[in-house]
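See below for the structure under consideration.
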Amino acid sequence: MNKLDRLVEQWLQAEVAFGVLEVPIPKAKVLALREKARAAAGQVAAAAKSAPSVRAAATLPPRAPARATPVPPARPAASAAIRPAPVPEPVALKLATPIKDLPPAPPGKLADEPQLSPAQKQSRMAELEKTAVAELSRHLGGSANRVVFGEGDAAARLMFIGEGPGAEEDATGRPFVGRSGQLLDKMIVAMGLTRPQVYIANITKLRCAEPDPINPKRLKDRPPTSEEAALGLPWLHQQIAIVQPVIIVTLGAAALCFLRGEKLPVTQVRGQWLDYRGVPLMPTFHPSYVLRNYTTETRAKVWSDLKLVMQKLAEA
Ligand code: URA
């Protein structure tokens, strides 16, 4: 697939995922443009085949003998002259307040963890899941019927972290399979990836819900408390240490704040690179927030965050 095709496809995928029209012209026109570009590419290739010999014979003057041109003095290497500007810390980070009594992330950089092959990662993750399910099953009851550990490629380059399982996830034991999961799937596809290529996990592995005040027979999901987050975090830190992703994307406030161990305003820090043990972390809105605030502005913000992620993934 050539660059233009990829770009057009990405525009269209973004439109499918978010209804964000990136191209200020109708879709039919985009497709027509694509055809035109293809045809033009074909013509150029055909012309390139025949043109040089004809032109050379008919119009080009005979070549002058090659003259030695003076070599300009070498310029100093750009890297020596231009130092990368230090990345300013987002203003909102200065407003961060620590959350008490959370198990901290393991010390050191993620890159300093033992390097594992993809096969080792898969088997370590399977072992960790067994242990986590056995340990956390003691806390089932109430709103949680199953441990929702996480899923995906244990050797993925990209990791998504959400808040915790909802009703559908609790019923199936899989993360992000409800309505917000369907939007997450579209987001992943719009990024040119598939769900099995990424790893998806949550802060809590158990559903947190309470009786719905409108219909008390039903349960309404709620963000985890610090104690509930503290139960899931040690497992999450280990999951991240196994995957060693190139990039982490946190979905929503709970994922960002509990992972970093500090309260941060997602609306202010989204779209800015943060850090988790030396790994770039992109905070963005939770898909359920996007569904609740389905404005062009919200969707465009998430898509712009994901484009930064795609760019960094391509560079890494
Ligand atoms: N919301 C989350 O944060 N995680 C899930 O797995 C599902 C919904």
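The values are calculated or read from the model by the stated rules, or taken from the named source; none is laboratory data. This one's a predicted model, so the numbers in the text were calculated from it and none came from an experiment. When we count neighbours, we look across all protein chains shown, and the Cβ atoms used for this are built from the backbone with ideal geometry, even at glycine. Quick note on the areas: whole protein, heavy atoms, side chains included, nothing else; ligands and nucleic acids left out. Shrake-Rupley method; radii C 1.70, N 1.55, O 1.52, S 1.80 Å.
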With the condition kept exactly as written, say whether any residue in region 168-176 is within 20 Å of the chain's Cα centre (by Cα) and within 16 Å of Leu140 (Cα to Cα). yes
Anything in region 243-256 that is β-branched (Val, Ile, Thr) and either within 16 Å of the ligand (Cβ to nearest atom) or out of contact with any Gly (no Cβ under 9 Å at 6 or more places or on another chain) (or both)? List them, or say none. Val246, Ile247, Ile248, Val249, Thr250
Output the residues belonging to region 248-294 that are surrounded by fewer than 18 Cβ atoms within 10 Å (Cβ to Cβ), within 21 Å of Ser180 (Cβ to Cβ), touching a helix residue (DSSP H, G or I) at 6+ places or on another chain (Cβ under 7 Å) and among the basic types (Lys, Arg). none
Odd one out for Lys121, checked against (1) part of a helix (DSSP H, G or I); (2) open to solvent by 50 Å² or more (accessible area, probe 1.4 Å): (2)
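From Ala126, Ala111, which residue is more than 16 Å from the ligand (Cβ to nearest atom), within 17 Å of Ile240 (Cβ to Cβ), loosely packed, with under 14 Cβ neighbours inside 10 Å and in contact (Cβ under 8 Å) with a residue 40 or more places away in the chain?
Values: Ala126 fails: in contact (Cβ under 8 Å) with a residue 40 or more places away in the chain.
Of Ala126, Ala111, the one residue that is more than 16 Å from the ligand (Cβ to nearest atom), within 17 Å of Ile240 (Cβ to Cβ), loosely packed, with under 14 Cβ neighbours inside 10 Å and in contact (Cβ under 8 Å) with a residue 40 or more places away in the chain is Ala111.
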Just need a number here: residues in region 148-179 that are within 14 Å of the ligand (Cβ to nearest atom), open to solvent by 20 Å² or more (accessible area, probe 1.4 Å) and either small (Gly, Ala, Ser) or not in a helix (DSSP H, G or I) (or both). 9
Output the residue which, of all residues in region 262-273 that are assigned to a loop (DSSP other than H, G, I, E, B) and within 19 Å of Leu184 (Cβ to Cβ), is nearest to the ligand (Cβ to nearest atom). Arg270
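Being among the basic types (Lys, Arg), farther than 18 Å from Thr97 by Cα and in contact (Cβ under 8 Å) with a residue 60 or more places away in the chain narrows it down to one of Arg222, Arg299, Arg260, Arg292, so name that one.
Details: Arg222 fails: in contact (Cβ under 8 Å) with a residue 60 or more places away in the chain; Arg260 fails: farther than 18 Å from Thr97 by Cα; Arg292 fails: in contact (Cβ under 8 Å) with a residue 60 or more places away in the chain.
One residue alone meets the criteria, Arg299.
Report the residue count in region 274-309 for those that are outside any strand (DSSP E or B), within 16 Å of the ligand (Cβ to nearest atom) and of a type outside the set (Gly, Ala, Ser). I'd like the intermediate steps shown before the answer.
We begin by selecting, within region 274-309, every residue outside any strand (DSSP E or B); these are 277-278, 285-309.
Now restrict to residues that are within 16 Å of the ligand (Cβ to nearest atom): 285-293, 302.
Next, from what is left, pick out any that are of a type outside the set (Gly, Ala, Ser): 285-287, 289-293, 302.
So the answer is 9.
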Selection from region 192-222 of residues that are more than 13 Å from the ligand (Cβ to nearest atom), at pLDDT 95 or above and of a type in the set (A, V, I, L, M): Leu193, Val198
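Before we move on, is Leu236 of a type in the set (A, V, I, L, M), open to solvent by less than 40 Å² (accessible area, probe 1.4 Å) and part of a helix (DSSP H, G or I)? Steps first, please.
Working: of a type in the set (A, V, I, L, M): yes; open to solvent by less than 40 Å² (accessible area, probe 1.4 Å): yes; part of a helix (DSSP H, G or I): yes.
So Leu236 fits the description; yes.
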Within 16 Å of the ligand (Cβ to nearest atom), in contact with a Gly (Cβ under 8 Å, 6 or more places away or on another chain) and either at pLDDT 95 or above or not in a helix (DSSP H, G or I) (or both): does that describe Leu259? no
Which residues, taken from region 197-231, are exposed (fewer than 15 other Cβ atoms within 10 Å of the Cβ) and among the β-branched types (Val, Ile, Thr)? Ile214, Thr225
State which residue is farthest from the chain's Cα centre (by Cα) when the search covers only region 295-316 and only residues that are open to solvent by less than 20 Å² (accessible area, probe 1.4 Å) and under 19 Å from Arg179 (Cβ atoms). Thr298
Mind checking whether some residue in region 220-229 is over 23 Å from Ser143 (Cα atoms) and touching a helix residue (DSSP H, G or I) at 6+ places or on another chain (Cβ under 9 Å)? no
